[in-house]
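Here is the structure we will look at, set down as structure tokens.
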Amino acid sequence: MAHPPLRLVILAFIAALPQTAAAHDWYPFTCCSNRDCGPVSESEVTAGPKGWVIRSTGEVIGYDDERLMLTPRQAGNSFHRCSADGKPEGKTICLFVPQFGS
């Protein structure tokens, strides 16, 4: 039985690597476990009277909630959300909000 050329094996290995690994460099491991975080649109997160409302789950992340963090400057001026298994309907683990006015 012939073995596939080494070049094909290497390309297949690279293709199987997570494509968003670099995006997780700044997320705290306690929020992300290296797979559960990503940017979300501004329409997904709105400011409510008691905190940030996650539209897909109806959760309210209080303005003093320990899961609430500022999005680091290197991540841009956008919202990022970490949820159970990275699913939109998953419980929010951490919510990163832009540094408005900064």
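The values are calculated or read from the model by the stated rules, or taken from the named source; none is laboratory data. These numbers come from a predicted model, not from an experiment. Every residue, glycine as well, gets a Cβ built from its backbone with ideal geometry; the counts of neighbours run over all protein chains shown. The accessibility values were calculated without ligands, DNA or RNA, using every heavy atom of the protein model including side chains. Shrake-Rupley method; radii C 1.70, N 1.55, O 1.52, S 1.80 Å.
So in the stretch 89-102, with the set limited to residues that are part of a loop (DSSP other than H, G, I, E, B) and over 15 Å from T46 (Cα atoms), which one is least open to solvent (accessible area, probe 1.4 Å)?
G90
Please determine, by comparing only the residues of the stretch 30-59 that are among the hydrophobic types (A, V, I, L, M, F, W, C) and free of Cβ contacts under 8 Å to residues at least 60 places away in the same chain, which one is farthest from K91 (Cα to Cα). Walk me through it before giving the result.
Pass one, the stretch 30-59, residues among the hydrophobic types (A, V, I, L, M, F, W, C): 31-32, 37, 40, 45, 47, 52-54.
Cutting the leftovers down to free of Cβ contacts under 8 Å to residues at least 60 places away in the same chain gives us 37, 40, 45, 47, 52-54.
On the way: C37: 12, V40: 14, V45: 14, A47: 18, W52: 14, V53: 12, I54: 10 Å.
The extreme case among them is A47.
Does the stretch 60-75 include one or more residues that are more than 12 Å from C31 (Cβ to Cβ), in contact (Cβ under 8 Å) with a residue 40 or more places away in the chain and open to solvent by 50 Å² or more (accessible area, probe 1.4 Å)?
Yes.
Of all residues in the stretch 76-88, which are outside any strand (DSSP E or B) and either aliphatic (A, V, I, L, M) or over 13 Å from W26 (Cβ atoms) (or both)?
So the first thing to find is which residues in the stretch 76-88 are outside any strand (DSSP E or B), and the list is 76-78, 84-88.
Once the filter is applied, which keeps residues that are outside any strand (DSSP E or B) and either aliphatic (A, V, I, L, M) or over 13 Å from W26 (Cβ atoms) (or both), the stretch 76-88 yields N77, A84, D85, G86, K87, P88.
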